[in-house]
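Asker: Before I ask anything, let me first share the structure, which is written out below as structure tokens.
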Amino acid sequence: MVTSMGRATPSLLTPSGSPLRGIMMQPEEDAAMVMTVRLSDEAEARLEHLAAVMQMSKNGVIEQAVLHMDERAVRRRRFRDAIAEVDKRDAELLDRLSQ
């Protein structure tokens, strides 16, 4: 676990006693909270790679990923709603076309 002090905190140990790997999210200028993100070794390695490739902080990569995932979820929900509306509105036509 990496904290702002660079050491693992006792409360973030696995049941076997080894520290969890992760990062401490530090507030940006307009951020309202600090949080700890627990990551597997693989996820942390990928995060470090993305941060380097994108020339962003780990915090920035995580923030962009969350925003991107939320935007995708909103688009999927709108698409499903539109399909349901067309299905409802044009049920008779769709039924005739399927025969």
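The values are calculated or read from the model by the stated rules, or taken from the named source; none is laboratory data. Since we're looking at a predicted model, the values are computed, not measured. For neighbour counting, all protein chains shown are included, and Cβ atoms are generated from backbone atoms with ideal geometry for every residue, glycine included. Accessible surface areas use protein heavy atoms only, side chains included; no ligands, DNA or RNA. Shrake-Rupley method; radii C 1.70, N 1.55, O 1.52, S 1.80 Å.
Asker: Ignoring any ligand, DNA or RNA, what whole percent of the accessible area of the stretch 38-99 comes from carbon and sulfur when the probe is 1.4 angstrom?
Answerer: 55
Asker: How large is the charge dipole for the stretch 38-99, taken about the Cα centre, if only the Cβ atoms of Lys, Arg (+1) and Asp, Glu (-1) carry charge, to the nearest 20 debye?
Answerer: So the dipole magnitude of the stretch 38-99 works out to roughly 140 debye.
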